[in-house]
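Every read-out reported here was derived from the displayed coordinates using simple, explicitly stated rules and does not represent laboratory data. If you're wondering where the values come from, they're calculated on a predicted model, not measured in any experiment. Backbone-built Cβ (ideal geometry, glycine too); neighbour counts: all protein chains shown.
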Ligand code: SF4
């Protein structure tokens, strides 16, 4: 076995209540680096195409990366993987906090669940010993209560990933939560966990992760810490909330369900600025051993319209934008409350904000009335109604039941032409970065195996030295740099390193390569890592192809600039999908019309079995 990982994964058949342990071989780890790389490799081999994502044949995985829990800066991440019930294709969701490192310290790189338990259970992994336990006392509890009850039962050093009531009720926009404020939010995998009657995975351990050269690794961490850039202190104070005002000013932030322009239609955006958020912060908070610590805990708010406790986490940029500018809601307390509701019930804040925006626009256009919305006046900026409706959504209560599965399903249920207000790409609600004028996001939203995602790379957030030079204002010549960016993004995502740390703490991209070399002991090169990243991306794409899905994904007209905006920094922009994706797909070796990786590409990446499966 190599270094950087524990060399073992657990398989839990919930229907049969059977737990088995399997080794992970070094070649697989070097080829996929853990995280969603390993997850995609395993699910392609072990899960048939076409299974119901909420059925017993679906597999749900919790997978750490090869740098998770090590001396690499930002090595706090784990990924939840499975077939997405939102898109019908590959699903993954990345989270920080402490859970990932402690899953490794408990002895395992990954745990995969199949089947459905006949009654609610949780998995307890205690220093290499795994057992399924009765979760009937946890069912119906929110994610904060779940963690507290489990810690009271097993000790304060327990780390818990769980679903709240939204996941239990299979809301398709449900998240898996850990540390009361860290969410594996995207792809609807909280619903998959709930469908398995799996309330929580609880881990504890103090095993050592084998490292190739411990002394060198400790020295490296010290050196990397000393070379962190000046943006670290900005992120430590504000986190991504510090980006909100400038995103409104550049028209990156969504406004009025993507139909508006913040500097014109939401001129009070500074009420949600990083400075305003910081005034309400009680203290900073960070994921495991993170030198940035971009999170925060808010001062409790016991009076007024929107109360929250001393445990409420700081809203991040995506949450401020999706529940703020996107809804013309400038009430910061309401957004802290909305963030807290989503954290407690276990909901993806991006999707939840997008669903509420859809409701507000339907209401404005008479498709929905007060009669439909349980008496709530769903007007732009009506913070009270927005909070009340989000709570209904989280509980699947009344009209909340209609919208609890995301905008695509909500539009199908409501009909009456409402689909034109449903801002999703292939079923996944679009995150808070406008593709009109943000070419990296545009390519990523449409070309990635996980549609509508802002964390799948391209040209950011890399420190110097990562990418070849290119003209950021042009589409021509973009395919190659975008592919290198995507590949390197796959590397750090799979390896378990936080993207904010990549952008704001690592002084040079070579530091990440050095961390991989030092911890694994492998003679890795940048070229090998680029190939590894392409392999991971192609593996995830192959999963979609086997499900019968084709890409590039279709955008709502509004997101392409059809018609173009008439005002603001992005006025006049219309994107042409053919121009956006063709060059990139050609460079990565996928068919520009269908997204199917060519046989030659698959063979060059060593994915012979995948080539055989896709080219029968
Ligand atoms: S930068 Fe923020 S999100 Fe990333 S690991 Fe650190 S605390 Fe967590």
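Expected output is a single nm value to one decimal: the length gained when fully extending between residue 557 and residue 401, i.e. 0.36 nm times separation in residues minus the C-alpha distance. What is it?
Contour length minus Cα-Cα distance gives 53.5 nm.
Using the per-residue mean of other Cβ atoms lying within 10 Å as a proxy for protection, in what order, highest first, do the peptides 445-451, 596-602, 61-67, 502-508 fall?
61-67, 445-451, 502-508, 596-602
By counting other Cβ atoms within 10 Å of each Cβ, how are 594, 146, 68 ranked from fewest to most?
Result, fewest neighbours first: 594, 146, 68.
Just need the relative contact order of the range 439-614 here, percent rounded to a whole number, with Cα pairs under 8 Å and 6+ apart.
Relative contact order comes out at 24 percent.
At q = 0.09, 0.18 Å⁻¹, what log₁₀ I(q)/I(0) does the range 215-346 have when each alpha carbon counts as one equal point scatterer in the Debye sum?
Per q value, in the given order, log10 I(q)/I(0) is -0.30, -0.95.
Relative to the present Cα-Cα distance, how much length would full extension add between residue 219 and residue 474 at 0.36 nm per residue of separation?
Taking residue 219 through residue 474 to full extension adds about 87.6 nm, to one decimal.
Work out, step by step, the length gained on full extension between residue 27 and residue 276: first 0.36 nm times the residue separation, then minus their alpha carbon distance; give nm to one decimal.
84.7 nm
Based on the mean of other beta carbon atoms within 10 Å per residue, what is the order of 313-319, 213-219, most packed first?
Ranked from most to least packed, the peptides come out as 313-319, 213-219.
Which FRET efficiency value, to the nearest 0.05, is calculated for residue 51 and residue 299 with the Förster distance at 45 angstrom and r the Cβ-Cβ distance?
Once rounded, the FRET efficiency stands at 0.45.
Considering every Cα-Cα pair within the range 461-616, what fraction, in whole percent, is farther apart than 24 Å?
The proportion of pairs with Cα distances above 24 Å equals 45 percent.
If you look at just the Cα atoms of the chain, how large are its Rg and its Dmax in Å?
Every Cα atom of the chain included, Rg and Dmax give 22.4, 67 Å.
Return the calculated 222 nm mean residue ellipticity for the chain, to the nearest 500 deg cm²/dmol, obtained by summing -39500 (n - 2.57) across DSSP H runs with n ≥ 4 and dividing by the residue count.
So the helix-based figure for the chain works out to -11000 deg cm²/dmol.
Taking only C-alpha pairs under 8 Å that are 6+ residues apart, what is the relative contact order of the chain in percent?
After rounding, I find 16 percent.
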